[in-house]
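Please treat every number below as a calculation from the coordinates, not as lab data. This is a predicted model, so every value here is computed, not measured. Glycine gets a Cβ as well: all are built from the backbone with ideal geometry, and neighbour counts include every protein chain shown.
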Amino acid sequence: MFRAAGFRNWDFSLTKKFKFTERFSAQFRAEFFNILNEPIFANPTGGPGGGAGDPSGGAGFGTQSATPDVLSSNPELGSGGPRSIQLGLKLAF
């Protein structure tokens, strides 16, 4: 019945490898999830005046202000949440 606006989520990664000696090196990594920080809202649920299963109608009918991860109480990376940045350093010897 309701159509979503689509899911647009851009992830980006940068990697730089440093070689100090023949046997010792380091790799720096920066990862950006939802780099554009574009809000992605969940599909509308519930009735206008009530909760998730209320079909009665009301002022909030057909609206949604939560992202999919918040609505489902399952905050997983890459499901509409805010921009996340992750840094890492790996040493190899």
Legend entry - Phe20-Leu91 pseudo-label distance in nm [points 7 Å out on the Cα-to-Cβ vector]: 0.6
Legend entry - Förster radius 22 Å - calculated FRET efficiency between Phe28 and Arg8, Cβ distance, rounded to 0.05: 0.20
